[in-house]
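Structure first, commentary second.
The values are calculated or read from the model by the stated rules, or taken from the named source; none is laboratory data. All of these numbers come straight from a predicted model, not from anything done at the bench. As a convention, Cβ positions derive from the backbone with ideal geometry for all residues, glycine included, and neighbour counts pool all protein chains shown.
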Amino acid sequence: MANRIMLNQTSYHGAGAIAEIVTEAKAHAFRKAFVCSDPDLIKFGVTGKVTDLLDKEGLAYEIYSDIKANPTIDNVKNGVAAFKASGADYIIAIGGGSSMDTSKAIGIIIANPEFEDVRSLEGVAPTKKPCVPIIAVPTTAGTAAEVTINYVITDVERKRKFVCVDPHDMPIIAVVDPEMMSSMPKGLTASTGMDALTHAIEGYTTKAAWEMTDMFHLKAIEIISKSLRGAVANTKEGREGMALGQYIAGMGFSNVGLGIAHSMAHTLGAVYDTPHGVACAMMLPIVMEYNADCTGEKYREIARAMGVEGVDEMNQATYRKAAVDAVRKLSEDVGIPSKLEALKEEDLPFLAESAHADACAPGNPKDASVEDLTALFRKLM
């Protein structure tokens, strides 16, 4: 079976990269941008860094900001209506996963209106046309949504998040400018950074992993492990490292999938509105312990990439523990909690069943039953 790799047509990296948005908009002869960005980014002037460039060059745009963390079906439907009324012909997505995911869903539905109910996009939807062209500008160093074929929408009515996997939603251009991430508060930097580490580790151990994606994931683990503490302390080197590391992780996991740390995190986000990165960070070491006996020698390489010394002299049990311990230590160092106070015993059956049904679950290296997932959730209590 052939292995497929899908990436952006073009990506720009480094401080000041947002200047290339104007270059690309002109090169594609786009007429008007539909700028998707959340209210806080607009309020604190982050979105303005891009719209100021558009203003300077006389490029037309309209802003859509009905976007929240864990974006909902209504956020998407309202965005579709706003796009239709705007006369725009491309999208500039500015933000973290929430803005990116909302943009992807809007862009897909505009091009494939038969999916306007939004729910029918769950899983691998049989869309026929590429989405509206998207220029993706991340403001968090974690989701890598700018280079993935995935997006996640919350179904408030059914209290669940659903994953959509669609090659047609890939942004044509990613602009990864660490200066767009410099205003992230410490907690958000930590949580999105641990989301990036979860992407890299789950992508490395997923059933579909292969040599090329292993290369991406191991390098991402190395860069994230070296950079996240500095990024949380708001150092220039840390910010730049995380901007690159999270993107490289996205180059990998988007093409091979994830595992139950993500399926469980999606469920916690849907039920308790737990920030996705926090949920991933809490689940990752727990899931790594569960998966360990199905990972061969991979935990040795994870430990090595995270800077653990002497891994070649360790036996299997020792290097597996060393990898889990390194993840747990990084999470602690950047202030991620290990317990979820909102979690209730009576919610466990629903949480486990939802996580079991999530599109990320089948990629896990070890097949997890509903009972297994219940036990893993309980470790957060």
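Summary of computed values
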| item | result |
| --- | --- |
| Test: residue in the range 113-122 that is buried (at least 22 other Cβ atoms within 10 Å of the Cβ), within 14 Å of C36 (Cβ to Cβ) and either touching a strand residue (DSSP E or B) at 6+ places or on another chain (Cβ under 7 Å) or not polar (S, T, N, Q) (or both) | no |
| Evaluation of S225 against (1) in a helix (DSSP H, G or I); (2) under 18 Å from G96 (Cβ atoms) (one fails), failing number | (2) |
| Any pair with Cβ under 6 angstrom, 6 or more apart, that starts in the range 118-132 at a residue that is at pLDDT 95 or above and ends at one that is assigned to a loop (DSSP other than H, G, I, E, B) | T127/N112; T127/D166; K129/N112 |
| Test: residue in the range 206-214 that is closer than 25 Å to A105 by Cβ, assigned by TED's automatic domain parsing to the domain that holds M283 and in a helix (DSSP H, G or I) | no |
| Subset of the range 261-298 [hydroxyl-bearing (S, T, Y) and out of contact with any Ser or Thr (no Cβ under 7 Å at 6 or more places or on another chain)] | S263, Y272, T274, Y290 |
| Residue check, V76 among the β-branched types (V, I, T), surrounded by fewer than 16 Cβ atoms within 10 Å (Cβ to Cβ) and not assigned by TED's automatic domain parsing to the domain that holds A279 | no |
| Residue satisfying condition, being assigned to a loop (DSSP other than H, G, I, E, B) and under 30 Å from E116 (Cβ atoms), within set A25, A33, A69, A82 | A69 |
| Residues of the range 10-52 that turn out to be over 22 Å from the mean Cα position of the chain (by Cα) and farther than 16 Å from I173 by Cβ, as a count | 9 |
| Scope the range 275-286; condition surrounded by fewer than 23 Cβ atoms within 10 Å (Cβ to Cβ) and within 15 Å of the chain's Cα centre (by Cα); matching residues | P275 |
